[in-house]
Amino acid sequence: MKRLYIVLAVTIIVTSGCERRNNQSTDDFITVDVTAKYPKKELILQDFLDVEYIPLETNDEFLTSASVQAIGKNIIVTKDLNRVNSGDIFIFDSNGKGLRKINRFGQGGEEYTNILDIALDEDNKEIFINNHFSAKVLVYDLMGNFKRSFKQRENFFYDQIGNFDKDHLICHDGYLEYDKPELKRSFFLIVSKQNGDIKEIPIPYKEKKSRIIMEKDVNGNVINQMSIRNKQLIPYQNSWVLAESSADTVYLYSQDHTMKPFIIRTPSVQSMHPEVFLFPGVLTDRYYFMQTVKKEYNFILDTGIPSTDLVYDKQKNAIFECIVYNDDFINKRPLSLVYDIPSPPVIVNNEIAFMKRLEAYELIDAYEKGELKGKLKEIAAGLNEESNPVIMLARYKK
């Protein structure tokens, strides 16, 4: 599967391909030309975020590929990467010490048949398992004890769930995205944590623009397809960024249920063929990241879906095509502030801007080649090929 990225964004006004200095809109939203060619900019991650590394404890009980699902103030929740049916959920403390392994995999009423993703409510000490095979959400305490479950809305497919407030989840429905893109509906939902009752968050758009690229034979039958898999529901502090790819506006949705424009893209996605989508990403005090993705793929050459990472520099009031380097790698290794597949975790700790999972074998290789320095070098020196991944957390500077 093509590696794609995910990004978060905020308020700017930009209208062409060169560096510009325009006044902020009185409506406080961003305008981005997705077809423009922007000047290039290089950034060092440690210049604007505080970076720490957490090696996850490794032993016979805590051995995991560590697909991080949620990061709270005190715990990190992971499941096994690419092991849909293993059923293992691992809970680590904020220093990476293993606290417990939970497995309620099975066919019973208090068990899940798969884990698509996990939402964490740290205040209520609950985790919510998105069991999309059975179209259910199951709720457990942090010891793994079953508390309750509820059905997902009929004919909906929750491809993402997140902790909205003490009483509600926020969910994105991806079902018709892949089934009947000609139909219109609301894809963002506020869902009761107790019984699954739904409140829709309507995003206005003219026609549904599918993110599926299809290859068809001479008779019009689909023989191959490729999907653009950037996330459309992204947490930001105590709010959520809603990026409906068929709409020209990305919205910020707050806990008081108010919604305001966040980014406006030009030209309209409704006028483009092939479409160029705009997805939001990481936000810091100075820099705001986003990504354009073109709906174009060559099935014969197995190439396409070109993407461009952008950054808005608040101090310069300008937008750039950007590349970010992690200064803990001596060889100036680039680090995208957008996320590789698998999807990023839902960060419920407002001190953290983003995270990245670093594989032990890759760090060992970099250490042996003399490419690491600082704390990361110290951690890599103590790893072996069987070690769990290391979690990199990037915190907002105080």
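The values are calculated or read from the model by the stated rules, or taken from the named source; none is laboratory data. Since the structure is predicted, the reported quantities are computational estimates derived from the model, not experimental observations. Glycine also receives a Cβ, built like all others from the backbone with ideal geometry; neighbour counts cover every protein chain displayed. Accessible surface is based on the protein model in full, side chains and every heavy atom, while ligands, DNA and RNA are left aside. Shrake-Rupley method; radii C 1.70, N 1.55, O 1.52, S 1.80 Å.
Near the amide H of residue 38, within less than 5 Å, lie the amide hydrogens of 321, all on another chain or at least 5 residues away, with H placed in the peptide plane. Could you tell me whether the stretch 163-271 comes out rounded, prolate or oblate from its Cα gyration tensor? Rule is a ≥ b ≥ c as square roots of the eigenvalues, rounded for a/c under 1.5, then prolate if a/b exceeds b/c, otherwise oblate. It comes out prolate by the Cα gyration axes. Rounded, prolate or oblate: pick one for the stretch 110-224, where a ≥ b ≥ c are the square roots of the eigenvalues of its C-alpha gyration tensor, a/c under 1.5 means rounded, and failing that, prolate if a/b is larger than b/c, else oblate. In terms of gyration-tensor shape, prolate.
Per-residue ellipticity at 222 nm computed for the chain from its helices equals -1500 deg cm²/dmol, with DSSP H segments shorter than 4 residues left out and the rest contributing -39,500 (n - 2.57). Relative protection proxy for 214-220, 191-197, 244-250, 49-55, from highest mean packing down: 244-250, 49-55, 191-197, 214-220 (other beta-carbon atoms within 10 angstrom). Evaluate E = 1/(1 + (r/R0)^6) for residue 114 and residue 255, where r is the Cβ-Cβ distance and R0 equals 35 Å; express this FRET efficiency to the nearest 0.05. FRET efficiency, residue 114 to residue 255: 0.70. Atom-type composition of the exposed protein surface of the stretch 43-102 places 42 percent of the accessible area on carbon and sulfur (1.4 angstrom probe). Considering only 254, 196, 64, and ranking their Cα positions along the charge dipole of the chain that arises from unit charges at the beta-carbon of Lys, Arg, Asp and Glu, the one farthest toward the positive end is 254. A dipole drawn for the chain from +1 and -1 charges on Cβ atoms has a positive end, and of 349, 89, 372 the residue lying farthest that way is 349. Annotation for residue 60 and residue 48: the two label points, set 7 Å from Cα along the Cα-Cβ direction, are 4.8 nm apart. Placing unit charges on the Cβ atoms only, positive for Lys and Arg and negative for Asp and Glu, gives the chain a dipole magnitude near 800 debye about its Cα centre. With all protein chains kept in place, the per residue accessible area of the chain amounts to 45 square angstrom at a probe of 1.4 angstrom. Overall shape: prolate for the stretch 304-397, with the ratio a/c of the largest to smallest alpha carbon gyration tensor axis at 1.5 or above and a/b above b/c.
Computed from backbone phi, the HN-Hα couplings of the stretch 102-108 come to 10, 9, 10, 6, x, 9, x Hz, rounded to whole numbers (Karplus: 6.51 cos²θ - 1.76 cosθ + 1.60, θ = phi - 60°; Gly and Pro given as x).
Label-to-label distance for residue 86 and residue 100 is 2.0 nm, based on points extended 7 Å past Cα in the beta-carbon direction.
For the stretch 115-205, applying the loop criterion from DSSP together with a ceiling of 14 other beta carbons within 10 Å to the chymotrypsin sites (Phe, Trp or Tyr not before Pro) yields 133, 178. For the chain, the Kirkwood hydrodynamic radius from C-alpha pairs, put into Stokes-Einstein at 20 °C and a viscosity of 1.002 mPa s, yields a diffusion coefficient of 97 µm² per second.
Taking 0.36 nm per residue of separation and subtracting the current Cα-Cα distance, fully stretching the chain between residue 151 and residue 375 would add 76.1 nm.
Within straight-line reach of residue 40, meaning a Cα separation under 15 Å, sit the following aspartates and glutamates at least 8 residues removed in sequence or on another chain: 19, 309, 313, 321.
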